[in-house]
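Asks: Structure incoming, see below.
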Amino acid sequence: MTDTTTEDVVVYEVVDRIAWVKFNRPDKRNAQSPTLNRRMAEVLDELEFRDDVGVLVLTGEGSAWSAGMDLKEYFRESATKGLEGTRRAQRAAYRWWEQLRWYRKPTIAMVNGWCFGGAYGPLYACDIAVAADEAKFGLSEINWGILPGGGATKVATNLMSARKAMYHAMMGENLDGQQAAAQGLVTESVPLAQLKDRVTEIANVLLKKNPVALKATKDAVRRVIEMTYDNAEDYLIRAQEAADSFDPDGRKEGMKQFLDDKTYKPGLGAYDTSKQKS
Ligand code: ACO
C-alpha cells in the first residue's frame, strides 16, 4: 500500500478574503488519491464558515489542475480491499465534490493545466471555472477501458451539447482552454500568464456582493436546471423568502442606496454592503 502523508496533499492560504486551495501532488499530476480526497474534505470544512473567507479558489500545484482519479491508489489499491475498499474510496471523493457543489461561499475553479476524468467532479462543483488557454481537458476513461463514471458523464451532458458530450466521451481527445470555454465546460479561458489576475478580479467582484444573496443565487441556478418552469418559479419565491429571513436588511439597503441616497446604480454594480446594519 502506498503510504502518503496527509498533511501536504492539499495546501491553502487565505489572502484578502480569498482562500487559495491547491491540489498538491504535482509529482503525480495532482491525481486524486483517497488520502487527498479525505484531506480536501477537511480543508473545505475548515474554511467554509470562516469570517475571513469570502471566496474559495481551487487550483493545482505544478503542471496539472488534476489528472483525475489516481489509477494506482484510488482504483487498483482500493480494489484489493474488495467492494468495501472501492465504495470507501468512491465516498471519500464524492463527499467533497458534493460539499463543494453546495458550498456556502462562492467558488472558482482556476484550471491551470491537465484536467481529466474524475477532475470533472470538482470542476462542475465550482460555481465559476476559469481555464488557462494552455490547460487540457479530457474524458480519458475510454482510453484506458472504462466509461466516464463518478459523475463525469453527467458533468459533460449537463455542460455541453449532447453531440459534443458524446464525441468528447467516446473519442478521448483533449480540448484546450479556449475549446473548453467554447463547448461550455468552463466559463472562460485566458493565457496562463493572466490566469491568477483574472481569477482575482472575479473574486474581488464577488466579495463586494451580498453573501446571502450569492449563496441563494448559486443554489438556485443548480436547483432549477432539473425543475419544470412552474416548480422553478415556486422554488425561487420560497428561496428568496428564506434568504430574506436570514438577511432582512439586505434588499432594503440596496433599494435605499439607489432610490434615496443615489450613491450607485444596480445596473452598473453592487451596493455598498459595508453600510448594511445586519
Ligand atoms: N493516476 C495515477 N498516477 C498518475 C496519474 C493518475 N491519474 N496521472 C499521472 N500520474 C503519475 C504518473 O504515473 C507518473 O508517476 P511516476 O513518476 O511514479 O511514474 C507521474 O504522475 C507523472 O506523470 P507523467 O505521465 O510522467 O506526466 P506527463 O506530464 O508526461 O503527462 C498526463 C501528464 C498526460 C496527465 C499523464 O500523466 C496522464 O495521462 N495521466 C493520466 C490521466 C488520466 O487518464 N486520468 C484518469 C482519468 S479517468 C478517471 O479519473 C476516472
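Asks: Determine which member of the set Ala119, Ala129 is outside any loop (DSSP other than H, G, I, E, B) and either within 10 Å of the ligand (Cβ to nearest atom) or over 15 Å from the mean Cα position of the chain (by Cα) (or both).
Replies: On inspection, the qualifying residue turns out to be Ala119.
Asks: Which condition number in (1) buried (at least 17 other Cβ atoms within 10 Å of the Cβ); (2) within 16 Å of the ligand (Cβ to nearest atom); (3) charged (D, E, K, R) is the one that Asp176 fails?
Replies: So Asp176 meets the others, but not (1).
Asks: Could you look through region 256-278, keep only residues that are among the hydrophobic types (A, V, I, L, M, F, W, C) and under 17 Å from Lys208 (Cβ atoms), and pick out the one that is nearest to the chain's Cα centre (by Cα)? If you could, list the steps in order and put the result at the bottom.
Replies: Quick first cut of region 256-278, residues among the hydrophobic types (A, V, I, L, M, F, W, C) only: 258-259, 268, 270.
Then drop every residue that is not under 17 Å from Lys208 (Cβ atoms), which leaves 258, 268, 270.
Details: Phe258: 33, Leu268: 26, Ala270: 23 Å.
Within region 256-278, the match that is nearest to the chain's Cα centre (by Cα) is Ala270.
Asks: Name the single residue, out of those in region 132-145 being part of a loop (DSSP other than H, G, I, E, B) and free of Cβ contacts under 8 Å to residues at least 60 places away in the same chain, that is farthest from the chain's Cα centre (by Cα).
Replies: Gly145
Asks: Ok, one more. Name the pairs whose Cβ atoms lie under 6 Å apart, with the first residue in region 110-122 and within 12 Å of Glu141 (Cα to Cα), the second near the ligand (Cβ under 7 Å from one of its atoms) and of a type in the set (D, E, K, R), and 6 or more positions between them or separate chains?
Replies: Gly117/Glu141
Asks: Restricting to region 218-235, count the residues that are open to solvent by 80 Å² or more (accessible area, probe 1.4 Å) and part of a helix (DSSP H, G or I).
Replies: 6
Asks: Restricting to strands (runs of 3 or more DSSP E) lying wholly in region 1-114: which have 3 or more residues that are modelled with pLDDT of 95 or more, open to solvent by less than 80 Å² (accessible area, probe 1.4 Å) and within 14 Å of the ligand (Cβ to nearest atom)?
Replies: Those strands (runs of 3 or more DSSP E) span 64-66.
The values are calculated or read from the model by the stated rules, or taken from the named source; none is laboratory data. What you see is a predicted model; the values in this text were computed from it and never measured. Glycine gets a Cβ as well: all are built from the backbone with ideal geometry, and neighbour counts include every protein chain shown. Side chains are part of the model used for accessible areas, which takes the heavy atoms of the whole protein and leaves out ligands, DNA and RNA. Shrake-Rupley method; radii C 1.70, N 1.55, O 1.52, S 1.80 Å.
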